[in-house]
Amino acid sequence: MIMAMHDIPYMATASPAYMPDLIRKLEKAKTIKSGLVYIHIYNSCATGWGYESDRSIEIARKGVQSRFMPIYEVENGKFKLNVDVKNPIPLKDYLSSMKKYKHVSEEQISEIQEYVDKKWENLKIMCSSMG
């Protein structure tokens, strides 16, 4: 979201778990002729994050479905939520699916969940007030 605050013509987040959205954003980015384009692709690392590589898309989808990795775009200052997760999975389900977060306590997960929920609500406000 910080990149969007720099008045760039196009900024987006994407995930390999939502390939049509990712491809659409790459195609859109290619049409921008003036100014910076930034696409943040949420992509996990099976080796570094500690899960079997055949679960990569599942892990990526859980990141989005927990609202930990929101999928949105900002075009000329207008925010648009591309994947509106109405019934999110608990963040714990996402974090516990990898060894990377095994050291995180229940209390810390609750704190992170609160942070994620707050950021999601802020994003929804940005999308509704500018859409």
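The values are calculated or read from the model by the stated rules, or taken from the named source; none is laboratory data. Model, not experiment: these values are computed from the prediction. Here Cβ is always computed from backbone atoms with ideal geometry, including for glycine, and neighbour counts include all displayed protein chains.
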Practice task
Could you check, for region 67-81, whether at least one of its residues is under 16 Å from the mean Cα position of the chain (by Cα), over 20 Å from Ile125 (Cβ atoms) and among the aliphatic types (A, V, I, L, M)?
Solution key: no
Practice task
Within region 13-25, identify whether any single residue is assigned to a helix (DSSP H, G or I), exposed (fewer than 14 other Cβ atoms within 10 Å of the Cβ), of a type in the set (D, E, K, R) and free of Cβ contacts under 8 Å to residues at least 24 places away in the same chain, and answer yes or no.
Solution key: no
Exercise for the section: Out of Tyr72, Tyr38, report the one residue that is in contact with a Phe, Trp or Tyr (Cβ under 7 Å, 6 or more places away or on another chain), surrounded by 11 or more Cβ atoms within 10 Å (Cβ to Cβ) and within 19 Å of Asp7 (Cβ to Cβ). Expected result: Tyr72
Practice task
Please find, among Lys80, Lys92, the residue that is closer than 23 Å to Tyr38 by Cβ and at pLDDT 95 or above.
Solution key: Lys80
Completion exercise
Taking region 86-99 and keeping residues exposed (fewer than 15 other Cβ atoms within 10 Å of the Cβ) and touching a residue at least 24 places away in the same chain (Cβ under 8 Å) leaves Pro90, Asp93, Lys99
